[in-house]
Each structure stands twice: as C-alpha cells, then as structure tokens.
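Worksheet for the structure shown next.
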Amino acid sequence: FCALALSMSARGELHVDSSRTVQSASFGHDMLDQFQLAPGYTNLNHGSYGATPKSVGAAQEQWRTEVEQNPDKFFRYTMWGYIDQARQDVAAYIGADSEDVVFVDNASEGMNALLKSLVVDGSTTVLYLDMAYFMVAETLRFLRDTVGVELIEVKTEDLLPTTSTRDFNTELVRRVTEALASSDRPTAVCSFSHITSVPAVILPLAELAAACKAAGAVVVGDGAHVMGQIMVDVPSLGVDVYVSNGHKWLFSPKGSAFLWVSKQYQGTESPYAADGSAVYPLVTSFEGQGESDFAKLFSYEGTKDYGAFLSFSAAIDWRSQLGEAAVIDYIHDLAVSGAELLVSKWSSRSLTPPEMIGAMLNVELPAACGTNQTFIGKLPTMLLDQYNTWVPFYVWSSRSWARVSAQVYNDLSDFAMLADAVLALCGGAD
C-alpha cells in the first residue's frame, strides 16, 4: 500500500504526497509496524479508542508544525481552505454533500450539540433505546431535569441473544412504533445508535428512522462506531442528523468526528433559532469561515489543535491504499472467526448472528468465570496486568459477555490468547 509522504514548503504550507509506496504488508500482525502500539500489547479493544497509523500521526504532527511556524497565518488565513478540503473528503467517504458536514471533537460532543439544540420543548417526549450509549442516556436525563421533556425508553434486553436478524429487527421496529403511538405527548426526537456500544449490535437504523419520521419526530443517528467499521451512505439512512467518530474505526487521530445535518436543521445566526428547529455547536462563535452560517458556526471554536480534523484526509487516503472494501471485509471476517473460536474454547455462545455485527463481537463468558460480578469486574484489569491486553465485559439478559474488537493488525491467534487467558484467570484452563 501507499504511505503518505509529507513535506513542508519554505512558506510553511503542508504538502501531502500519497504517490510514494512502501513495501506491501498483509493484514494481521504484519500491520503492527504501521501503528504506534507498544510491542507486546495486544489491542483487542480498538472499539473504545481506536489506533492511529504512524503515517496519519505524522500528518497530524506536520499540521501542528505549520501552526507553530506562523500562527497568525494559519488561524487567520490558511486553515479555512484546509478545513473545507477535509470536509469534502469526509463527505465523499459517507456519500454526502460537503455543505452538510462539519467537525466536532468526538461523538459525545456531537450528540450533546444535536440533542441540546433539538430538545427544547418540555411538553414533548424523546424516544430512545435502553441500548443507548451511557453518555447519550445521561444527556437525555439532563434534558429531562432541565427542560422538562419526557423520556420514553424502549426496552430491548429480552430481544438478545438471538439467532435471527429478521426477528430482532422486526420486533425492535414494532416496539418503537408502539411506543410512539402510546405516548400522550408529541415525540420531538428519536435517538438511536447505528452500532451500539455494549452490546455491540448493528441496528436497523433506516427502518427505525422511517417509523419515527411517520410520527413527526426528528431522527438523531448516533454512529459513533460506524465510520470505518461498516460501509455507510448517511443521506440514504433517512435520519435528520448524524454523528460519527473518525478516531475509532477510520484511523484518524483522537479528537476527530463529524456531524452531518440535513439542510432543514442547519443553524443560522440571523437570527439564532431557539425553537428546536436548528442545530448549533456547544461553543457559540461566529469568527470562522464557511460557505453558510452553519459551516461558519462550526468552523472555529477558539484556539485549539485542529490537526486532528485536518488529518481526516490522511486517514482516508491511508485506507484507500489498503482498499476500503478489503479493510471492512477483513475486520468483519476476523470478528466472525474470532467469535467462533471463543465460543468453541469457552463452550458458550454468540449474542447475535454474524450479520448483526461489524468488527465487534459479543460472546458469553465461560461457565468457569461464574456469576460473581465483583470478580468479573476485575477481569479486564487482570488481563491487562497479566496478559497485556484489555477487553470490556458487560451484563446482558442476566449473563456476562465479552465485547472483543477485530482490526487489521489482529489475527486469530490474538483471540486464542484471549480465550486461554480468560480460562486461566477463571480457573477453567485445561
């Protein structure tokens, strides 16, 4: 694949040359040289924080260098063109118009901006699932207590584990439709994860969005885990707004995420709207530049490191050298094979069929681990201390499950190591 060749001109302008090639590396452990992970550390939790390739980190460092060489030139003049180019690259990746894409530091910031902009009427309701990410649920509780909005939480725990994607999707949409119809208040917003965190499951977002749109609700898509894990064409999902991280699965640096907002809900400053009809950033500033009020409002949040945003382009280019479809296929196939290995070694089961996951699998812990949640809660730390790896464990349907991530630098031996390590720690080794 091609590595990014980076150089600075005499005037301090960054040039990115993706035409220079380095020796080809196959997926699996051969890829570890391309990342900054510490030798001996087995990263099976890519889903939490991601991992940045060395060449993408180098691109971010070059952006930082350009800033420090001439801060006035960068912040007053040149950064706007760079930001627009990165927006165009991200928009092309997700099948969107660049006018509808802006940057935020992470999905948590993005979801707060979306929900706090759209949920302003205390006489309405917000519908969400019990599978929502903890931060999203907490933000909704904040809005309940400060705005007075009523929350409708749709229960899903009894739907998993399942062996039928169709049955799960059909019943989930039915429950959401029923909840919408049973509320005695109008539903202002429906908020859904596209891929949930724990358990890690791909939800039928387009079908959920259609049900909520039919009820007159604005649909918020939380795609924190989506960009780079599965293929996505955001405008085709039928949602009104959408957020996703780049730093989790796309390989961009920490602190890089985007918001996609349909034109109907893009905020303006003349005047500012307070009726829940427009999306605004958490930091109010109109000092940036952009082709619209919306773009300008999100383009500048004060002095900070914008290098993570600008390195989106380097991450997308790095992936393109590997082959986008090849990356997606490898990490999914490895997750499926890894789940099969864990199920076999642990004599347990997967939470879902393969088509309901991307690159994060869910497997029930072996019986040897028991049901003592105090002990199971210590397992991640024990894995880190004794085996130099870390994975999250969680309780679902009164059972304990492991969420394990597959990435291009992993291979099946990593899952075998995890299987044996958990058995040893739980006293169930052969």
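Below is a table of values for the structure above.
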item: Single unsatisfied condition, ASN106 versus (1) over 22 Å from SER350 (Cβ atoms); (2) in contact with an Asp or Glu (Cβ under 6 Å, 6 or more places away or on another chain); result: (2)
item: Of all residues making up segment 369-395, the number that are out of contact with any helix residue (DSSP H, G or I) (no Cβ under 6 Å at 6 or more places or on another chain) and either open to solvent by 10 Å² or more (accessible area, probe 1.4 Å) or of a type in the set (S, T, N, Q) (or both); result: 17
item: Complete set of residues in segment 113-150 that are open to solvent by less than 20 Å² (accessible area, probe 1.4 Å) and of a type in the set (Val, Ile, Thr); result: VAL119, THR124, THR125, VAL126, VAL136, THR139, VAL149
item: Matching residues in segment 48-77 - criterion: being more than 30 Å from LEU237 (Cα to Cα), open to solvent by 30 Å² or more (accessible area, probe 1.4 Å) and either in contact (Cβ under 8 Å) with a residue 40 or more places away in the chain or not in a helix (DSSP H, G or I) (or both); result: ALA58, GLU61, GLN62, ARG64, THR65, GLN69, ASN70, LYS73, PHE75
item: Condition met for ALA181 (open to solvent by 20 Å² or more (accessible area, probe 1.4 Å) and either within 27 Å of ARG141 (Cβ to Cβ) or not charged (D, E, K, R) (or both)); result: yes
item: Residue match in segment 349-366 (condition: over 26 Å from SER193 (Cβ atoms), over 23 Å from the mean Cα position of the chain (by Cα) and aliphatic (A, V, I, L, M)); result: no
item: Among (1) among the β-branched types (Val, Ile, Thr); (2) closer than 30 Å to TRP396 by Cα; (3) in contact with an Asp or Glu (Cβ under 8 Å, 6 or more places away or on another chain) - the single one VAL261 does not satisfy; result: (2)
item: From the options ALA214, ALA188, residue that is of a type in the set (Gly, Ala, Ser), open to solvent by 20 Å² or more (accessible area, probe 1.4 Å) and in contact with a strand residue (DSSP E or B) (Cβ under 8 Å, 6 or more places away or on another chain); result: ALA188
item: Selection within segment 366-412 - among the polar types (S, T, N, Q) and either outside any helix (DSSP H, G or I) or touching a residue at least 40 places away in the same chain (Cβ under 8 Å) (or both); result: THR371, ASN372, ASN388, THR389, SER397, SER398, SER400, SER405, GLN407, ASN410
item: Some residue of segment 350-361 being open to solvent by less than 10 Å² (accessible area, probe 1.4 Å), farther than 21 Å from ASP414 by Cα and at pLDDT 95 or above; result: yes
item: Those helices (runs of 4 or more DSSP H) lying entirely in segment 236-324 with at least 1 residues more than 22 Å from the chain's Cα centre (by Cα) and closer than 13 Å to VAL102 by Cα; result: 293-299
item: Selection count, segment 396-413, where residues are over 16 Å from THR374 (Cα atoms) and open to solvent by less than 10 Å² (accessible area, probe 1.4 Å); result: 8
item: Segment 177-206: number of residues that are closer than 22 Å to ASP233 by Cβ and among the hydrophobic types (A, V, I, L, M, F, W, C); result: 9
item: Filter result for TYR306 (aromatic (Phe, Trp, Tyr), in contact (Cβ under 8 Å) with a residue 60 or more places away in the chain, in contact with a helix residue (DSSP H, G or I) (Cβ under 7 Å, 6 or more places away or on another chain) and surrounded by 20 or more Cβ atoms within 10 Å (Cβ to Cβ)); result: yes
item: All positions within segment 148-188 that are hydrophobic (A, V, I, L, M, F, W, C), closer than 30 Å to PRO353 by Cα and in a helix (DSSP H, G or I); result: LEU159, PHE168, LEU172, VAL173, VAL176, ALA179, LEU180
item: Residue pairs meeting the criteria (Cβ under 8 Å; at least 6 apart or on separate chains; first more than 21 Å from ALA86 (Cα to Cα), in segment 317-330; second among the β-branched types (Val, Ile, Thr) and open to solvent by less than 40 Å² (accessible area, probe 1.4 Å)); result: VAL327/VAL408; ILE328/ILE230; TYR330/VAL408
item: Residues (in contact with a strand residue (DSSP E or B) (Cβ under 8 Å, 6 or more places away or on another chain) and open to solvent by 20 Å² or more (accessible area, probe 1.4 Å)) located in segment 156-178; result: GLU157, PRO161, ARG175
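One line per residue, one yes/no per condition, for (1) more than 30 Å from ASP385 (Cβ to Cβ); (2) within 18 Å of the chain's Cα centre (by Cα):
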position	(1), (2)
TYR41	no, no
GLY57	no, no
THR78	yes, no
GLN85	yes, no
ALA92	yes, yes
ASP97	yes, no
ASN106	no, yes
LEU118	yes, no
LEU127	yes, no
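The values are calculated or read from the model by the stated rules, or taken from the named source; none is laboratory data. Fair warning: this is a prediction, and the values are worked out from it, not measured in the lab. A quick note on method: Cβ atoms are made from the backbone with ideal geometry, for glycine too, and the neighbour counts reach across all protein chains shown. Surface accessibility is based on the protein's heavy atoms, side chains included, excluding ligands, DNA and RNA. Shrake-Rupley method; radii C 1.70, N 1.55, O 1.52, S 1.80 Å.
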